[in-house]
Amino acid sequence: MEKKERPPVYYSEYLQLDKILNAQLPESSKEGIKADDEMLFVIIHQTYELWFKQILFELNVIRDVFKQTNIPNNSPDIYNSVHRIKRICKILEVAVMQMSIMETMTPLDFLDFRDLLRPASGFQSIQFKIIEATLGLGYGQRHGQNYYISQLNQQDIDRVKEAEAQESLLVLINKWLERMPYASAPFVTADFWREYRNAYEGTLQEAEKINLTAFDKLFIDETNYPAERRFSITANRNALFIMLYRDYPLLHLPYELISSLLEIDEGLSMWRHRHIHMVQRTIGKRVGTGGSTGAEYLRAAADTHIIFKEMAELTSFLLPRHALPALPEQLVKNLGYN
Ligand code: HEM
């Protein structure tokens, strides 16, 4: 094949630096007010938005994998997805650390230009809201729904709504978990889950006996299954099974996938709490530039916007390895490399 001539690539053109480096327009300079920290404020936010863009890019690649009706066992898809989720977690680690650069701006420095920003706020970060929606946060689960509608322009509301209307990663992971065959017949029978329940009951302390009722609701009794749950009873069983028997080779990757998803929530939560600390330190009990109750709103959002909460809670139902029911011989073979 004949090689096509390509013009030489030039660093600043490749990176579109003329656009990026000319995109810092502090309000204070427009107003002729001296506020030397506004440049940092702009650059930090822009840096975050670039990382949010990368996170969304990764999430969409991962979602495309899980949109397949069947992911072949011997394809690189799951490994690559785990790899990308781990990358997202690393980005979130950096996002948390970057808050300390923001904190070099003292409350007094912020007051130099703060009022010029109203009513803009990080709350209007559409990429952040799309990340939440792509992961699985529905409109119904959002804290402060009216606030969300009132603070965004129509175009941005439409963008978030569009993200909410698509199949989220949570929905796709639920479907993937439901397809995992090993925690039901013909691999294990109902006796397996009965045996598990008995063993679980035996490990409960007096104050934890209530957990058995929860166990029955979440894993055994389809008719009592809480309607509000995002993961189905089958997905719960399979996720728990993966967590319990993850030492078997075929379950290594599924386990990595589950735990890396939980790490995304952990990373986001660390970011939220770091942001709250920074907000309290910078504005104390004042309302935000976006008009919310400030730290109070942020704390409620941090408590509510946990995407894979149901999956994280499954750890309450684990058993120590020595108490696990032994798996049938054929299943052990299926879960190994042979
Ligand atoms: C001095 C620095 C900052 C202060 C005082 C601050 C303050 C606040 C406050 C009070 C809110 C609640 C909404 C409102 O009433 O405005 C908020 C939301 C938010 N801020 Fe900041 N922020 C700061 C820096 C940042 C940075 C650097 C980012 C990075 C992108 C950011 C991203 C966000 C996001 C995504 C939300 C919405 C969070 C949610 O809804 O859970 N903020 N911020």
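May I ask you to say which residue of Ile55, Ile43, Ile78 is within 13 Å of the ligand (Cβ to nearest atom) and in contact (Cβ under 8 Å) with a residue 40 or more places away in the chain?
On inspection, the qualifying residue turns out to be Ile55.
Taking the options Ala163, Ala214, Ala207, Ala190, name whichever one is surrounded by fewer than 16 Cβ atoms within 10 Å (Cβ to Cβ) and either within 22 Å of the chain's Cα centre (by Cα) or touching a residue at least 40 places away in the same chain (Cβ under 8 Å) (or both).
Just a single option satisfies the conditions, and that option is Ala214.
Go through the range 90-107 residue by residue and tally those that are in contact with an Asp or Glu (Cβ under 7 Å, 6 or more places away or on another chain) and surrounded by fewer than 18 Cβ atoms within 10 Å (Cβ to Cβ). Quick ask: steps written out before the conclusion?
First, pick out the residues of the range 90-107 that are in contact with an Asp or Glu (Cβ under 7 Å, 6 or more places away or on another chain): 105.
Narrowing the set further to residues that are surrounded by fewer than 18 Cβ atoms within 10 Å (Cβ to Cβ) leaves none.
Qualifying residue count, the range 90-107: 0.
Every residue, every condition in (1) surrounded by fewer than 18 Cβ atoms within 10 Å (Cβ to Cβ); (2) within 6 Å of the ligand (Cβ to nearest atom); (3) part of a loop (DSSP other than H, G, I, E, B); (4) modelled with pLDDT of 95 or more, yes or no:
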site: Thr289; (1), (2), (3), (4): no, yes, yes, no
site: Thr293; (1), (2), (3), (4): yes, no, yes, no
site: Tyr297; (1), (2), (3), (4): no, yes, no, no
site: Met311; (1), (2), (3), (4): no, no, no, yes
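Could we say that Ala239 is within 18 Å of the chain's Cα centre (by Cα) and either under 21 Å from Asp191 (Cα atoms) or exposed (fewer than 14 other Cβ atoms within 10 Å of the Cβ) (or both) here?
Yes.
Just one of the numbered conditions (1) among the aliphatic types (A, V, I, L, M); (2) in a helix (DSSP H, G or I); (3) within 15 Å of the ligand (Cβ to nearest atom) is not true of Val171; which one?
With (1) among the aliphatic types (A, V, I, L, M); (2) in a helix (DSSP H, G or I); (3) within 15 Å of the ligand (Cβ to nearest atom) applied to Val171, the lone miss is (3).
Taking only the range 113-140 into account, find how many residues are within 8 Å of the ligand (Cβ to nearest atom), of a type in the set (Phe, Trp, Tyr) and either in contact with a Gly (Cβ under 6 Å, 6 or more places away or on another chain) or part of a loop (DSSP other than H, G, I, E, B) (or both).
1
For the range 224-248, which positions are closer than 17 Å to Asn73 by Cα and either among the charged types (D, E, K, R) or modelled with pLDDT under 95 (or both)?
Matches in the range 224-248: Arg246 only.
Quick one: Tyr182 ticks every box in (1) more than 30 Å from Lys333 (Cβ to Cβ); (2) in contact (Cβ under 8 Å) with a residue 24 or more places away in the chain; (3) part of a loop (DSSP other than H, G, I, E, B) bar one, so which box is it?
It is condition (1) that Tyr182 fails.
Can you tell me which of Ser28, Ser12 is surrounded by 14 or more Cβ atoms within 10 Å (Cβ to Cβ) and among the hydroxyl-bearing types (Ser, Thr, Tyr)?
Only one candidate passes the filter, namely Ser28.
So, of the residues in the range 282-302 that are within 30 Å of Arg229 (Cβ to Cβ) and touching a residue at least 40 places away in the same chain (Cβ under 8 Å), which turns out to be farthest from the chain's Cα centre (by Cα)?
Step by step, filter the range 282-302, then rank; the result is Ser292.
How do the pairs read when you match residues in the range 112-137 that are farther than 28 Å from Glu228 by Cβ and of a type in the set (Lys, Arg) with residues anywhere that are within 9 Å of the ligand (Cβ to nearest atom) and part of a helix (DSSP H, G or I), using Cβ under 9 Å and keeping only pairs 6 or more apart or on different chains?
Arg114/Thr282; Arg114/Ile283
The values are calculated or read from the model by the stated rules, or taken from the named source; none is laboratory data. Bear in mind the structure is a predicted one, so any value in this text is a computation, not a measurement. Heads up, the Cβs are rebuilt from the backbone with ideal geometry, glycines too, and the neighbour counts pull from every protein chain shown.
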